[in-house]
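See structure below.
The values are calculated or read from the model by the stated rules, or taken from the named source; none is laboratory data. Here the structure is a predicted model, which means the values were calculated and not measured. All Cβ positions, even for glycine, are placed from backbone atoms using ideal geometry, and neighbour counts span all protein chains on display. Surface areas here come from the heavy atoms of the whole protein model, side chains and all, with no ligands, DNA or RNA. Shrake-Rupley method; radii C 1.70, N 1.55, O 1.52, S 1.80 Å.
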Amino acid sequence: MNTFSRHRVRPAATSISVWTLAVLVSCLGLHQLWAYLDVRAPHVADALLGGLVAAGATALGTVPILFARTIPQKMQDSMFGFGAGVMLAASAFSLVAPGIAAGRELGYGPWGAGLTVGAAVLLGAAVLLIMDRTLPHEHFIKGREGIEAHRLRRTWLFVFAITLHNLPEGLAIGVGYAGNDPVRGTALATGIAIQDIPEGLVVAVALLAAGYQRAFAVALGMLSGLVEPLGAVLGAAVVGWSEPLLPWGLGFAAGAMLFVISHEIIPESHRKGHEVYATCGLMLGFVLMMLLDTALG
């Protein structure tokens, strides 16, 4: 696993035509949806675009798998750590701090604003914990978890795992735009998109290592990012509907992301004995997201 092995894929013409048609139809539908939302709910339209950028970054990250079969394990763990660092900084600077500020603007005192966001953080983590315990899914290394996991094919277990990982990112993007601060929302979407590039690569590599065909690993890796624009639209629509929900939405998204960081990403990055590489990646990701948030915000 220390070198790249070259192997080009020549998909059938029929498969290429089907995928091309599906992409064109999807793009047309998303354009129509954006045009509709841009007039009636501009912040939701902005969230949709931010989520699509993140999904596109995930898809971009899977492309190298078409030409290289493996990447070094140390690099994979460094990428996991980098993604954890970006999400950790986003939770602190783009979600928790603005959530407390939003609570103060709504008339809460220092303790009231902090307790509101704190309760929302715990609620977000609790919801992800319930999903983790009830939805069958499979970690890339730890194996299967959830009710009746043995009854489902491994393909769908991976789909559930990827969905659990990407959903908080989409929610965070949507809630970020719902605060009527497009600059802050753009900073958050940019940081998540940057970490989604190596994340898409790692997902595709993990699927390939689990025995899936190269084309399937790339396709599923690309599709895994689509939950992000859906989550972004959901987060922006719900929070934008009622201003008092903003501190709760920001805290909820932060709690969900913190749960994923602690429960999924960091354990996976440390499991192969490359803790130093993973920690260095985490520090770099944290600093990058901090700079994006403070400089752009």
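Could you tell me whether Leu245 is part of a helix (DSSP H, G or I), crowded, with 16+ Cβ neighbours inside 10 Å and over 19 Å from the mean Cα position of the chain (by Cα)? The answer is yes for Leu245.
Residues of the stretch 216-225 that are in contact with a Gly (Cβ under 9 Å, 6 or more places away or on another chain) and open to solvent by 20 Å² or more (accessible area, probe 1.4 Å): Met222 alone.
Pairs, please: C-beta under 9 Å, at least 6 apart or cross-chain, first residue touching a residue at least 12 places away in the same chain (Cβ under 8 Å) and in the stretch 212-229, second open to solvent by 20 Å² or more (accessible area, probe 1.4 Å) and assigned to a loop (DSSP other than H, G, I, E, B)? Qualifying pairs under 9 Å: Arg214/His7; Arg214/Val9; Arg214/Arg69; Ala215/Val9; Ala215/Pro11; Ala217/Ala210; Val218/Val9; Leu220/Tyr212. Candidates Thr279, Thr294: the one that is open to solvent by 70 Å² or more (accessible area, probe 1.4 Å) and not charged (D, E, K, R) is Thr294.
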